[in-house]
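Derivation of every value follows stated rules applied to the coordinates shown; laboratory data play no part. Quick caveat, the model's predicted, so the values are computed rather than measured. Every residue, glycine among them, receives a Cβ derived from its backbone with ideal geometry; neighbour counts consider all protein chains shown.
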Amino acid sequence: VHQFTQLISDAVSKDLSESPPIPDRVRIMGRDILINVVSKVDEQNANGEMCEETLIIKIKAGQTEAEEVDTVLHETLHAVSYLLDLKMSERQVRLTATALIAILQDNPSFAWYVTKPIIRPNIQAST
């Protein structure tokens, strides 16, 4: 809890015009998905890609901040869809990413509420 409180305190005290860098990984249900920023993702000039075989997300460098945030969340949702076998369509991933970004950015107290650490009581196994 202390680490999270310090993280929030540090974030609040920083210059909000400075954007944090893209994280190098995202943890999804116990799996680390690496995030690499690359000059070119594929031959179709996509902004991002999630490789199911390697569990690596590629993000094209040089996007605007809004595009980059959307792309990172978009590719993360592809990873969730793959790991949970949801078979989300490209349209579902695109619209969900855009909606989630809007929800989190338009509602900072909600974003804090859903991302704060949850303290679970110690439950003793019955013997």
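Each peptide in 79-86, 112-119 was scored by the mean count of other Cβ atoms within 10 Å over its residues; highest first, the order is 79-86, 112-119.
Over the stretch 54-127, the hull volume per residue, using the convex hull of the C-alpha atoms, is 160 Å³.
Simple spin-label estimate for A66 and A102 gives 1.2 nm between the two label positions (7 Å along the Cα-to-Cβ direction from each Cα). Say the dipole of the stretch 24-118 comes from +1 at the beta carbon of Lys and Arg and -1 at that of Asp and Glu; which of T115, I59, A46 then lies farthest toward its positive end? The listed residue farthest towards the positive side: T115. What's the FRET efficiency of K116 with K40 using the Cβ-Cβ distance as r and R₀ = 30 Å, to the nearest 0.05? Computed FRET efficiency for K116 and K40 comes out at 0.20.
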